[in-house]
Structures are given as C-alpha cells and as structure tokens.
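Below: the structure, in structure tokens.
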Amino acid sequence: MQLPSRALDASSRAIPALDFIRGVCLLVITLNHYSSFAQRLGYDGMQLWTPTNLGYSSAAELFFLISGYLVGAIYARDGVPYPRLFVKLSHRAVLLMLYNVMAFVSLLAFSSVLHQREVVAFGLGELRTRPIDATTDFLSFGDAPPLLNILQLYICFIVVSLVFIPLLRRAPWLALALTCGLYLLNLLPAMQPWLADQVTDWGMNPYAWQLVFFGGLILGRFQLFTWLGGKLQQRGSVSWVFAALIAASVVFVADMKLGLTPSLLRDKDQLGILRPLHAMIVLCVYWVCADLLSQRLSRWGGGLLVDTFNAAGRKSLDNFAFGIALSYAAALLLTRWGNAPWQYFALVAGIVTAFLGFAHYLHWRSRTSTRPIPVAPQA
C-alpha cells in the first residue's frame, strides 16, 4: 500500500495535527493529576474543568492512541527494514526506561521530605516505608508510583511492537483480531477476579489498554488519520464535530446522574468501550481546533499556540517528565500554601505557563542545535 505523500512531514515525519493533540493531552494529564493530588491533600474548593470532566474519556486514551499511531505511521510502513525498526524502537524503550528510573529516584528523594499525610495522599507509602521492596517492584514492572505507571505501560507496548509490527505487515486482519480479541476477553466475568490483581499492580489493566495503543498502530500503518484529516477540512465538518461533542457530553452527564450504562462500559481501569469511542470524538474536536487556531486565528496568537503544543507533542517524553514534576510540586505547594481556591487557580496558571514555556524552550533548543554552522569563505 503506497503512502500518501502529504501524510508525513518530509524532514521529521511528524504529523503536526497529531503533535498538537498529543501536546494538549500531556497538559491535560498534568492538570488532572494536579487536581487529583490536591483533592487527596484536602483541597475541597472549586476545581478546573478539563475535557475529562465532561466526557467518558480522559487524556490518557488519546495519548496512547496517538503514540501508537505515530509508531505505526513511521515504522510499520512498507520500506522500513526490520533491523532499523528494531534499533529505533529498542532505543526508544531504553530511553523511556531511563526517564522513568530518574523520575522514580526523584520521587524516592521527594517522599523523604514529606509529612506522613502527604506521603499517603501522593501514593508514595511504599517508597517511604519499604524503599528496597518498592524499587524491586518498580524495576520488575510491578507496582509504580502515580504517573510512572503510564510510562511503564508505554515501555511494554513499545517492546511488544517489535513482534506486533511484523505480524501487522504480513497479516493485518489477524493483528486486528488479536488486539480486539484480547480486549473482548477482558469482558468475560470469569476474568474479572484475575484482572483485579492486574489493575492493583499497574493502576490500569494492560490487557484492555493495549487496544488503544495497538489499535492506533494499525490505523497508523494504513495512514487512516490522513483520510480523517481530509474529512475534517470539508465544509460543515466543524459544526458536526462540535455537535457530536455536545451530544456526547449530555449523554455522559445523564449517565452519571441516572446510571444509564453498566460501570464496566465506562470504567477507566478496565478501559470501558465508551472511553475510546468518546476519545475519537475529542480527537476530532482537537483537530479542528488546531486548524482554526493556525488558520483563522493566526493573527491573534493562534499560530504560536499551535506551534507550542506541536513542540510539546513532538518532545512528548521530556514534557511528560516535566509534567510529573509540575503536578507533584504544585499540589504540595498548594497544601502548604493554604488550600484556598484562588491559590489553586494561581497554581493552575503557573502550571500552564511553565508547561508551555518549557515546550517552547525545547522547540527553540532543537532549532538552534540543528542550525547549520556558517562556513567562512576561502581566500
């Protein structure tokens, strides 16, 4: 299958709209965890509403979906030799592990200066009371502190991709049946007691969450988001996309109030099927927002905002690690500062400013580091 020439940027093979969406997801993940930590530490005032508050999905579904898509678009396409694929993805997995280990060591030191109530609220009790056992569990891909479990799961998916991509190239329908079948297997009542142990260790069921990553990888293999991007640029698509989001939000609110659907269909740990379906609607909304900002609102700073989020999505690992530090530090600062609503929102503004500033700095550094060095003319 020949790839469309407009699907990938010629120099970086990045898809700008998807980089933008992944950058937004990273910021939303950071803000969601900041609010969650603040609530555990005793904050009970007004909280920032993110897309997570008005729909079935959180930002994590889109993050895994787009990450899988980019792996498929870049490495599962025809013409990429397996040795190159193996080296690139193995390097990525090792780099992810190094970042995760550095974050774990930082949290280990962080837990030593916290009050006991703060340790419990942050979910770092094991690191404080049994650091050796906690380190062993972490390195053996068992229990992990909040946010670090997302990187652990991502590492596992990258490693499995080394086997999944050759299968996808040879037998696409078999690869699709495998990922969907494994997900459906999780819905069987007989599997629930065993899956409860998996959720306890990982914080989320890896056999269910693989659907969004490897489903995204399959979509990337056949460049289906290129087709989707074309559809979203047609006249009237913006109205339909926002209408779908509003309808989904109304259904979600009614479901939360009246209990219209079984909890398994919307459960985050088990990736209820309503979550990836809602995530696709949110993806379309983010996509058309990126187009609106970069085209119609460019003169009002929309283009700069899109470029900044593109940079955040392109340097996702650095910004995710920075987001971990922001969410923990801001929640701790709030509880020691006073837990007032104005302080909460002041720290929200600080998180957004710091996150976007860091993303912009990484973008500037990458541009200056790749700038060619001028050569003096010879005499």
Scan (1) surrounded by 14 or more Cβ atoms within 10 Å (Cβ to Cβ); (2) more than 26 Å from residue 67 (Cβ to Cβ) for the single condition residue 112 breaks and write down its number. (1)
Matching option when the condition is more than 16 Å from the chain's Cα centre (by Cα) and surrounded by fewer than 19 Cβ atoms within 10 Å (Cβ to Cβ), among 233, 223: 233
Going through the stretch 254-270 in order, the residues found to be within 24 Å of the chain's Cα centre (by Cα) and surrounded by 11 or more Cβ atoms within 10 Å (Cβ to Cβ) are 264, 265, 266, 267, 268, 269, 270
Matching residues, the stretch 37-56, being of a type in the set (Gly, Ala, Ser), buried (at least 16 other Cβ atoms within 10 Å of the Cβ) and in contact with a Pro (Cβ under 9 Å, 6 or more places away or on another chain): none
Among the residues of the stretch 124-143, how many are buried (at least 18 other Cβ atoms within 10 Å of the Cβ) and either within 18 Å of residue 324 (Cα to Cα) or of a type in the set (S, T, N, Q) (or both)? 4
If you check 345, 358, which single one turns out to be touching a helix residue (DSSP H, G or I) at 6+ places or on another chain (Cβ under 7 Å) and at pLDDT 90 or above? 358
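Per-residue answers, yes or no, for (1) among the polar types (S, T, N, Q); (2) within 19 Å of residue 323 (Cβ to Cβ):
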site: 32; (1), (2): yes, yes
site: 48; (1), (2): no, yes
site: 52; (1), (2): yes, yes
site: 57; (1), (2): yes, yes
site: 67; (1), (2): yes, yes
site: 77; (1), (2): no, no
site: 88; (1), (2): no, no
Failed condition for residue 294, given (1) within 30 Å of residue 207 (Cβ to Cβ); (2) surrounded by 15 or more Cβ atoms within 10 Å (Cβ to Cβ); (3) over 22 Å from the mean Cα position of the chain (by Cα): (1)
Wholly within the stretch 86-194, helices (runs of 4 or more DSSP H) carrying at least 2 residues that are modelled with pLDDT under 90 and within 20 Å of residue 60 (Cβ to Cβ): 148-170
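If you check residue 50 against the conditions, is it among the hydroxyl-bearing types (Ser, Thr, Tyr) and without any contact (Cβ under 8 Å) to a residue 60 or more places away in the chain?
Details: among the hydroxyl-bearing types (Ser, Thr, Tyr): yes; without any contact (Cβ under 8 Å) to a residue 60 or more places away in the chain: yes.
Yes; evaluated as a whole, the condition is true for this residue.
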Note down all Cβ pairs under 8 Å where the first residue falls in the stretch 91-118 and is more than 15 Å from residue 144 (Cβ to Cβ), the second is polar (S, T, N, Q), and they're at least six residues apart or on different chains. 118/335
Answer from 123, 68 - the residue that is of a type outside the set (Asp, Glu) and either over 26 Å from residue 205 (Cβ atoms) or touching a helix residue (DSSP H, G or I) at 6+ places or on another chain (Cβ under 6 Å) (or both): 68
Some residue of the stretch 340-359 being outside any helix (DSSP H, G or I) and not aromatic (Phe, Trp, Tyr): yes
So, in the stretch 239-285, how many residues would count as being outside any helix (DSSP H, G or I) and among the hydroxyl-bearing types (Ser, Thr, Tyr)? 1
Given the conditions (1) in contact with a Phe, Trp or Tyr (Cβ under 6 Å, 6 or more places away or on another chain); (2) free of Cβ contacts under 8 Å to residues at least 60 places away in the same chain; (3) not hydroxyl-bearing (Ser, Thr, Tyr), every one holds for residue 275 apart from (2)
For the list (1) in a helix (DSSP H, G or I); (2) at pLDDT below 90; (3) charged (D, E, K, R), I need the number of the one condition that residue 77 fails. (1)
Evaluate the stretch 245-253: report whether one residue or more is among the aliphatic types (A, V, I, L, M), surrounded by 13 or more Cβ atoms within 10 Å (Cβ to Cβ), touching a Phe, Trp or Tyr at 6+ places or on another chain (Cβ under 6 Å) and under 19 Å from residue 292 (Cα atoms). no
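The values are calculated or read from the model by the stated rules, or taken from the named source; none is laboratory data. Nothing here was measured: the structure is a model prediction, and the numbers come from that model. Cβ: placed from backbone, ideal geometry, glycine included. Neighbour counts: every protein chain shown.
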